[in-house]
Each structure stands twice: as structure tokens, then as C-alpha cells.
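Here is the structure we will look at.
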Amino acid sequence: MLVIISLLLIFSMIYLLLKNKLAPVAAFAILPIIAALLLGTPIETLMEWLKAGVGTTTTNAVLFIFSIIYFGVMSDAGLFDKLVNQLVKIAGKSPVLIYVATVLIALVAQLDGATATTYLITIPAMLPIFKRLKLNILAMLAVIGVTTGVFNMVPWGGTVVRTATSLTNLGFEITAQDIWLKIIPLQIVGLGLAIGLAVFFGLRDKKRITKEFGANFFNEIVTEKTENNLDVDSLKRPRLLIVNMLLTALIIFVLIKTKFPQHLVFMVGTALALVINYPGLKEQSARISAHAATAIGTAATFLAAGIFLGVFKEAGMTKALADLVISGLPNFLLPQVHRMIGLFGSAVGIVISPDLYYYSLLPVIGEVSNSLGVHLPNVGIAMLIGENVGVIISPVIPTTFLAIGLAGVELKDHIKFSLKYFLLVTAVLLSVAILMGIA
């Protein structure tokens, strides 16, 4: 009965989320309670499960609220604008440099851990150049996707926070910051892979365009200026650029070098950012309101996910499904199951949302692997790699449609073009992680 109800919970959640029948908050808050009641759980016991589950996600919800507002304020103040403009100018009319500039702009934009920000900054800035020089827009999305995926794995990014939350819920106390410190070398390798992919696409496009339009094409074409794509308005604070850079660098330094709680670091950082850039209650309230919808929406999902986690763990669903997996796989594959999922994470992410991937699949695989002596952080990191690399092609993530909408491409073409490159990048990163002993 427990296995049946556990499977019904997961599959009903997948169906309702994929079909847009329920918001994630509603799905995470309602379905687990129904499942628990079907199991005959006493109300008092259920309340304890919910309290325990939400307790594991509260801190991360606070972290998300203030990190999103902080980087939103920094974006409003124009922290990234000058660097983006300079990269575009340096790229000129060289296909290779244009692709590399795309990677670097995406890297800068992804510092906030929000893919929407990356797409909104990078795609509008680079798309006119790609169109003017007849470069491959699908390839542009691919290099943005690799960069986004690799640098989405930061302590204030949703996937790392989800991983830490699930591992903690399995009984291994670990923070998002702990995971990040382990995977920083992977991010360096990932950046190299993104640049390598950019060079490959740039050379391929140059050869194609030269063959089709002649050797003088790049000398004759006039690249459209893109500076006006970045809004310059009353919110910008160019005179405070150095101050904002120093404040952001200080926050990152504190996150790396100290044990201060991340949510408190961003809470104080957000307060300082508001006071420095927008003195006065009216302006500060306006900036908070501008980013509140994203911040509160994300935090609400995390809090509701605590209900799911509490029921899923305390009812014994994780172990029941783990036993099912163990009985269904050949013994020689079981110690490698986390790596197998990680390797094909880009493909798995096409049908399973990040919330389901980290809050449903990861706990099950973690329980299986841990029972066979695999270190739980290794399970989390292996599964983290593949899902992140393919985040830009997942139709169950709303920002994917933002990306293809901005670029003007079809989802099926986007997936067909990019998936093979994402699987290759994942294989390299996973191999490096295994050699490092962290996956």
C-alpha cells in the first residue's frame, strides 16, 4: 500500500504540474497531505511531519527572498551594464569572439543564480549581432545554456539549495555553501567547455558563411549597435558602480571564507544595497515591490516543498521506493545509479521539473546509493551536474519559453540541436567529478 500511494503521489504530481493543472505551491502543499491521510496517518502525527519538513526549507526560503532582491537591485542600479557593453564592443565582427562574448555576458548575468536574468540580458544583447552576421541562433542558445547550467550551481541558486535540502532531509547535514565549495573546480572546467564550444561554433559558422556569402562578408557587414538594448533610466547608478562591485565582492567573499549563515549575509547585503543606491522610503519600497513577486513566489514554493519532504520522508515513502528501485535493477548497476541519472540528467530534466527531480528523484536515489555505501554528497553532486547543464531545454521550466521566445526559435529545434552537446558536456564534467572523488 505504501509503495502504491507513493507512486500515485509522484505520478499525480508530475501529471498535474506538466499539464499546468496546479501551481507548484498547491501541488506540494495539498497532494502529500492527501497521500498521508490515505495511509491512515493520525492528524497529530501528520502535523509533526509537516512541521519537520517545513523546518528544513525555511532558511532556504529566506535566502531566496533576499538574494533575488539583492541581485535585482544590483541589476536595477546597472552593475552589469557597462561590462556587457564592453564585451559587445570587443567582439566586433568575429564569429568566434561573438560566441565567446556571449559566454562571458551569460556568466556575468548568471551571478544572481536566476536564469531569467541571464536570458533577459544576454539574448537581447547578442541576438541583433547573430542575425546581422547570419550566425546560428540555436548555437547561441546552446552556449548560453552550458554557461547558465554550470554557473547556476551557486549557493544562492535553486538547484544547489534543493540538493542541500534533500540531502539534509536524508540525514546528512550539508549546506548549499558546502556543496558549492566542492564543485568550484567543476565550474572552472565547465567555463572552459563553454568557451571551447563557443570557439567550435564560431569557426563552424565562419566556414559556412564564407562558403555561402564569400570571403569579404565579414569585412563588408556593419554590425548593429546593441547599447540601446540595455535600458538606461532613472534607476541606474553609474557613479556607484565601484561601490556596488565592492559590496557584491564582499558578499561573495563572506560566503566563501566565513561560516556566516547565507540568508543573513544576503539580508544585510540587501539592506545596504537599498540604502546605498536608493535612499528614501519611497524608492526603497518601490525596488522591493519590483522584485517581490519573483522572490516571494520562489520562497513559497520552497516552503510548500517542505510539506512534501516531511511527508515523503516521515511516512517512509523514500525507503519504500528505494527498495523498489533496488529490486528492479541488476545488482552490478546499483552503485552507479546516481551517476547514470546524472549522465542523462539533461534528458531526464525534459520531463521532470527541478522540484520533482530534487525533491522526489534525488531522495530515492540517495536512499538506494547510501544503503550501498555511496557518500550522499557524491549522489547529490552527480545528479546536480546533468540536470543543470540541460536546464535551458527543459519544457517544464517556465524560463525555457522565455529563452526561445526572446530568440525566436521553436522548442523542438532547440532541444534537437542542443541536447547532444549538453550530454557531451555532462559526460566530461561527471568524469572530472568522479576523478576528483566528489561524484
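The values are calculated or read from the model by the stated rules, or taken from the named source; none is laboratory data. Nothing here was measured: the structure is a model prediction, and the numbers come from that model. Note: ideal-geometry Cβ built from the backbone for every residue, glycine included; neighbour counts use all protein chains shown.
Taking the criterion of being β-branched (V, I, T) and either surrounded by 16 or more Cβ atoms within 10 Å (Cβ to Cβ) or in a helix (DSSP H, G or I) (or both), the residues of segment 240-260 that qualify are I242, V243, T248, I251, I252, V254, I256.
Meeting the requirement of 2 or more residues that are of a type outside the set (D, E) and at pLDDT 85 or above, the helices (runs of 4 or more DSSP H) wholly within segment 58-112 are 58-76, 95-109. Scanning segment 42-54 for residues that are within 16 Å of T165 (Cα to Cα) and either among the hydroxyl-bearing types (S, T, Y) or surrounded by fewer than 13 Cβ atoms within 10 Å (Cβ to Cβ) (or both) yields a single hit, K51. The selection criterion, being free of Cβ contacts under 8 Å to residues at least 40 places away in the same chain and either at negative phi or among the charged types (D, E, K, R) (or both), holds for T118. Among the residues of segment 134-157, is there at least one that is surrounded by fewer than 23 Cβ atoms within 10 Å (Cβ to Cβ), more than 11 Å from the chain's Cα centre (by Cα) and over 16 Å from A101 (Cβ atoms)? Looking for residues that are surrounded by fewer than 23 Cβ atoms within 10 Å (Cβ to Cβ), more than 11 Å from the chain's Cα centre (by Cα) and over 16 Å from A101 (Cβ atoms), one finds at least one in segment 134-157, hence yes.
Using the structure shown, decide if G386 is over 30 Å from L138 (Cβ atoms) and among the small types (G, A, S). Spelling it out, it is not the case that G386 is over 30 Å from L138 (Cβ atoms) and among the small types (G, A, S).
Of the residues making up segment 418-439, those that are surrounded by fewer than 23 Cβ atoms within 10 Å (Cβ to Cβ), not β-branched (V, I, T) and not in a helix (DSSP H, G or I) number 1. Whether any residue in segment 155-162 is in a helix (DSSP H, G or I), closer than 23 Å to V199 by Cβ and in contact (Cβ under 8 Å) with a residue 60 or more places away in the chain is what I want to check. Within segment 155-162 (the criterion being in a helix (DSSP H, G or I), closer than 23 Å to V199 by Cβ and in contact (Cβ under 8 Å) with a residue 60 or more places away in the chain), the answer is no, since none of the residues qualifies. Just one of the listed residues (I307, I288, I276, I256) is under 18 Å from G113 (Cβ atoms) and among the β-branched types (V, I, T), namely I256.
So that you can scan it fast, the table gives a plain yes or no per residue for (1) surrounded by fewer than 17 Cβ atoms within 10 Å (Cβ to Cβ); (2) of a type in the set (V, I, T):
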position: V275; (1), (2): yes, yes
position: A290; (1), (2): yes, no
position: T301; (1), (2): no, yes
position: G310; (1), (2): no, no
position: T318; (1), (2): no, yes
position: P335; (1), (2): yes, no
position: L343; (1), (2): no, no
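So, in segment 158-174, of the ones that are farther than 22 Å from G297 by Cα and among the polar types (S, T, N, Q), which residue ends up surrounded by the most Cβ atoms within 10 Å (Cβ to Cβ)? Across segment 158-174, the extreme among qualifying residues is N169. Every condition in (1) more than 22 Å from T298 (Cα to Cα); (2) under 11 Å from the mean Cα position of the chain (by Cα) is met by P95 except one, and the failing one is (2). For segment 296-362, the helices (runs of 4 or more DSSP H) that sit wholly inside it and include 2 or more residues that are of a type in the set (G, A, S) and without any contact (Cβ under 8 Å) to a residue 24 or more places away in the chain are 317-328.
Of all residues in segment 170-213, exactly one satisfies the criterion of being under 30 Å from V368 (Cα atoms), outside any loop (DSSP other than H, G, I, E, B) and among the acidic types (D, E), namely D178.
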